[in-house]
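Data first, discussion second: the structure below is written as structure tokens.
Read-outs: derived from the displayed coordinates by stated rules, not from any lab. For clarity, every value in this text was computed on a predicted model and none was experimentally measured. Positions of Cβ are backbone-derived with ideal geometry, glycine not excepted, and every protein chain shown enters the neighbour counts.
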Amino acid sequence: MTMPIVCNELLGRELLKIYQDTDYFNFSIDSVLLASFPKMTKRIKKVCDLCSGNAPIPLYLSLRFDGMIYGVEIQSHSFDLANMSISENNLGDRIKMLNRNLIGVSEELGVHSFDLVTCNPPFFKVGSNNVNPLDSKAIARHEIMASLDDIVKEASLLLNNCGHFVMVHRPDRLIEILDTFRKYKIEPKRLQFIYPRIGSECNHILIDGVKDGNSGLRILPPLYVYKDDNNWTDDVLKIYNYEGVD
């Protein structure tokens, strides 16, 4: 295993530093897009991030509000990297990591005690292809340790009444996601389609649901990541250059 490296570009400048291992599963733009998606209203005081990895979402959210953030990560190496970043950024009093499976974490952290739950989950089901259950990248990409149903169920248990669950996922699983949200009494409220560039097919979705919320889904304008010259669009640059608290 190589030594971890410090990346100074979580937000495109030296606002935050994040430790990553070049041989490991590193965070990508979908984590940053997810962390920018929740509406951080004054009622949000306590957040739980599931499938935290090396904690890009908790780190980003620490700039968006002043409350407590709990991160849950099953893989020990990612958990260690997350804690290194938390210490590096002097956020130990605001971000607490748990090294465990997310299933049942509500019993430890408190049922119905969170205002916001976020998750950048494994996108792919474990199908007929051979997937090594001990491979760190496979665990990050495939539903080896927790399924979509497990994740949404736990989010529902963690959330208080009218709390929000925000997730990034793949568009090919949208119908399943909507059904699972409603199964666990999380009403889909906002949906945004993410495209690599104009003219390409959607490759990610951002979805925001409300626990015990009323029906009514808003489809937001599409978000394009790259311009024709392969540089980031102004919308993405604005997300990466976020400077303060709402």
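Overview of values
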read-out: Rounded if a/c under 1.5, otherwise prolate or oblate - the range 5-240, Cα gyration tensor axes; value: rounded
read-out: Neighbour-count ranking [beta-carbon atoms within 10 angstrom, fewest first] of ARG170, ARG43; value: ARG43, ARG170
read-out: Percent of beta bridges antiparallel (DSSP, the range 5-240, rounded to nearest 5); value: 45
read-out: Cα-centred dipole magnitude for the range 5-240, charges only on beta-carbon of K, R (+1) and D, E (-1), debye, nearest 20; value: 780
read-out: Mean separation of Cα contacts under 8 Å, 6 or more apart, over the residue count of the range 145-246: relative contact order %; value: 26
read-out: Members of LYS46/LYS96; LYS45/LYS211; LYS17/LYS227; LYS96/LYS189; LYS189/LYS211 lying beyond 21 Å, as alpha-carbon distances in this model show; value: LYS17/LYS227; LYS96/LYS189
read-out: Per-residue Cβ neighbour rank within 10 angstrom, fewest leading, ILE219, ILE29, ILE144; value: ILE219, ILE29, ILE144
